[in-house]
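One structure is given below, encoded as structure tokens.
The values are calculated or read from the model by the stated rules, or taken from the named source; none is laboratory data. Just so it is clear, the structure is predicted and the values come from calculations on it, not from any experiment. For neighbour counting, all protein chains shown are included, and Cβ atoms are generated from backbone atoms with ideal geometry for every residue, glycine included.
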Amino acid sequence: MDNSAQLSRRKKWIFALIFVGVVLSVLEVGAWFFERRAYYSTFSLQNIAQDSLYIDKGDGRPALRPGAHVSGSRFDIRVNKLGFRGPDLIEPRTEKTTRIWFIGGSTTFDIFAPTNEETWPSLVGSTVQKAWPALSVEIINAGVPGEILRGNREDFEAHYGRVGPDFLVLHAGPNDLRSCSMHATGLEPEPGRGFLDRLAMFRLLSRKLRWQRMPTSWVGREIETHFWERMDKDLRDFVGSAQQKGIKVVLVTHAHRAEESATGKAATWQVAESSRLLRMDGESVIAAFTRYNQMVRQVAEDLQLPLVDLRAIVPPDEAYFGDHTHFSTLGSTKAAEAVSAAIIALR
């Protein structure tokens, strides 16, 4: 009897372990599918569909593949002949054509927008078209995920002659901050990924709960002065180049999810992935964005340019953002309303 009872208990343990293994496997497969159902991967566009969405031009800059098409169950991205998200321009251009060029990174590309037509630059185009029915309004969404202001300007100068934009909307920030912050001296690298990072369930939980390891050299950091001077010069030079071409320029501050007064755990929670991208603690990330927006406001004042202060217009609320810096549908709509009004007022 003792042997039978012991065998029975052993079978129960084996069946229990098998059952737990099956459940965990099902959950892992489900998490893997959920993780890829939009872009076949995470929302980090640099890591997805490399062969279809991106092209390597050999200069180290991120570039979208002209004519690329990437779709998932919730997203559909189409890249035009110029290598930007959106439809091809109508050629030849007529006297009634008005073109609006938007620059920036993934926040201008609008990674959480399900379709090209739902990006905030496209929504701006639709609103302006309604306001100016006698014109043909076209937008160029030249936001490229990972791109900095200098790269945006290279694209602008390369395509200006062919496109001939009438308006330029400058909406940069996070990638320039990251580029400057990453080059700080004595900065510890991002903590390496462990075994658990290979599991889709762990990755999903990490993003949901915003888990992250914070090296000590990331705490209390500030971007060095010479980097701020470079960003200021790059912005002013870009504006000057556009104005020399007779283009009307609109400057836009950068909205984000974190509250200005957030500290400690609240700041860490609100900035989430931006701590890893900028290699800063939450409070330092917020301070960097605050200083960047102050710089944009100062440039607008000095050069007497129209300013759309999205930081003040879009509330730092989860409802308006898909993550720390990228708009949700509600955020895109709010941003588009403000930028549209500024452009309409210029005509």
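Mind checking which residues of segment 255-297 are without any contact (Cβ under 8 Å) to a residue 40 or more places away in the chain, assigned to a helix (DSSP H, G or I) and either touching a helix residue (DSSP H, G or I) at 6+ places or on another chain (Cβ under 9 Å) or of a type in the set (Ser, Thr, Tyr) (or both)?
Selection gives 264, 265, 266, 267, 282, 285, 286, 290.
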Within segment 189-239, restricting to residues that are small (Gly, Ala, Ser) and at pLDDT below 70, the one that is surrounded by the most Cβ atoms within 10 Å (Cβ to Cβ) is 200
Restricted to segment 298-334 and to residues being in a loop (DSSP other than H, G, I, E, B) and of a type in the set (A, V, I, L, M, F, W, C), the residue farthest from the chain's Cα centre (by Cα) is 305
Residue in segment 97-107 that is among the β-branched types (Val, Ile, Thr) and more than 19 Å from residue 251 (Cα to Cα) present: yes
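State all residues of segment 311-323 that are in contact (Cβ under 8 Å) with a residue 60 or more places away in the chain and either touching a Phe, Trp or Tyr at 6+ places or on another chain (Cβ under 9 Å) or over 22 Å from residue 75 (Cβ atoms) (or both); if no residue qualifies, say none.
316, 317, 320, 321, 322, 323
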(1) touching a residue at least 60 places away in the same chain (Cβ under 8 Å); (2) not in a helix (DSSP H, G or I) all hold for residue 337 apart from (2)
Hey, does segment 103-112 have a residue that's on the phi > 0 side of the Ramachandran plot, touching a Gly at 6+ places or on another chain (Cβ under 8 Å) and at pLDDT 95 or above?
yes
Within segment 241-254, restricting to residues that are under 23 Å from the mean Cα position of the chain (by Cα) and part of a loop (DSSP other than H, G, I, E, B), the one that is surrounded by the most Cβ atoms within 10 Å (Cβ to Cβ) is 253
Given the conditions (1) assigned to a helix (DSSP H, G or I); (2) in contact with a Pro (Cβ under 8 Å, 6 or more places away or on another chain); (3) under 23 Å from residue 294 (Cβ atoms), every one holds for residue 345 apart from (3)
Within segment 291-321, residues small (Gly, Ala, Ser) and surrounded by fewer than 19 Cβ atoms within 10 Å (Cβ to Cβ) come out as 312, 319
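Restricted to segment 92-127, and to residues that are among the hydroxyl-bearing types (Ser, Thr, Tyr), under 17 Å from the mean Cα position of the chain (by Cα) and outside any helix (DSSP H, G or I), which residue is surrounded by the fewest Cβ atoms within 10 Å (Cβ to Cβ)?
Checking each candidate, the answer is 115.
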Note on residue 139: of the conditions (1) within 21 Å of residue 308 (Cα to Cα); (2) hydrophobic (A, V, I, L, M, F, W, C); (3) surrounded by fewer than 20 Cβ atoms within 10 Å (Cβ to Cβ), unmet is (3)
